[in-house]
Amino acid sequence: MNKPRHPLRDAHTDRDATKGVPDTPQTRAPAYRLAFADEDFLCREELRPVRLQLELLKPEMMLDTHNITSTIVLFGGARIPSPATKDRARTKTLADLSYFYDEAREFARLMTLKSLETSGRENVIVTGGGPGVMEAGNRGAIDAGGHSIGLNIVLPHEQAPNEFVTPALCFNFHYFAIRKMHFLMRAKAICVFPGGFGTMDELFESLTLIQTGRMQPVPVLLFGRDFWERILNWEALADAGTISEEDLSLFRFVDSASEAMHVIENWEDLPARDKLPGRN
């Protein structure tokens, strides 16, 4: 516990003191609990704004404590197996996509080596903390002897965070919206591997923020051109006019860790858009 910066009695002391009060009907009543130590109270519907603020503040403050100034985001499918387990994949396509497990792991290793040049403050790998591509990203950071971040979310079927997330940087969220903010608030690049609905959601939200000028452009790298062009007809969107031709330059396809590193290392910063191309 940090030493208080003021002479007033601190919250920890009072919270601990309440554990030793006499046992009476009054002290057993929920009303008597300190508001900030009352979990039932904090979970009330009316306290949602407070919970949102807490989920924004806790990871932000802890990342500041660890002096982490920028991150490299890895999005990708939880179902993609490692090459060692691809024989148990549900489909042949998933088994074939195990290639990207190794590429995610190698990319995270290379990026973490670069991060260690700044004592692990910049370009820190951040994933969703789960299996598949996320596990590969956190694992690659371990391979390089560095740390990495995991931003988990509570789900009905949720498993424990993967074993490669740095424990001190392993967070858990109730609100998807706040989790998404933490993915992007320090992002210097967004690397998107093959995945499903969650991956698509994270990809398109990131592209929308850059497209509309709500976020400064960063490299958005789609690993696996064959996969992405088979799943999504990007040119059809531009031909239809629902996006502009210029929007197709907001992302790039890469097929290997080394190719992604080259793009990021040679990236020239651009200002956020001040107008939307193709909008009359």
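The values are calculated or read from the model by the stated rules, or taken from the named source; none is laboratory data. Keep in mind it's a predicted model, so treat the numbers as computed, not measured. Reconstructed Cβ throughout: ideal geometry from the backbone, glycine too, with neighbour counts over all protein chains shown.
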Notebook entry, point to check: On the given criteria, is T65 touching an Asp or Glu at 6+ places or on another chain (Cβ under 6 Å), within 20 Å of I149 (Cα to Cα), surrounded by fewer than 16 Cβ atoms within 10 Å (Cβ to Cβ) and polar (S, T, N, Q)?
Noted result: no
Next item on the list: Check the range 239-252 and report whether any residue there is basic (K, R), in a loop (DSSP other than H, G, I, E, B) and under 25 Å from A272 (Cβ atoms).
Entry: no
Next item on the list: Please identify the pairs in which a residue from the range 183-204 that is assigned to a helix (DSSP H, G or I) has its Cβ atom under 7 Å from the Cβ atom of a residue that is at pLDDT 95 or above and among the β-branched types (V, I, T), counting only partners at least 6 apart or on another chain.
Entry: F183/V73; F183/V126; T199/V192; L203/V192
Check: Got a number for residues in the range 146-182 being part of a helix (DSSP H, G or I) and of a type in the set (A, V, I, L, M)?
Finding: 5
Margin query: I'm trying to understand the selection: among the residues of the range 168-190, which are farther than 19 Å from N67 by Cα, under 9 Å from the mean Cα position of the chain (by Cα) and crowded, with 19+ Cβ neighbours inside 10 Å?
Written below: R179
Check: In the range 32-145, which helices (runs of 4 or more DSSP H) lie fully inside it and hold 1 or more residues that are in contact (Cβ under 8 Å) with a residue 12 or more places away in the chain and among the hydroxyl-bearing types (S, T, Y)?
Finding: 98-116
Next item on the list: Just give me the residues in the range 236-258 being free of Cβ contacts under 8 Å to residues at least 24 places away in the same chain and either closer than 20 Å to L209 by Cα or buried (at least 16 other Cβ atoms within 10 Å of the Cβ) (or both), in sequence order.
Entry: L237, A238, T242, L248, S249
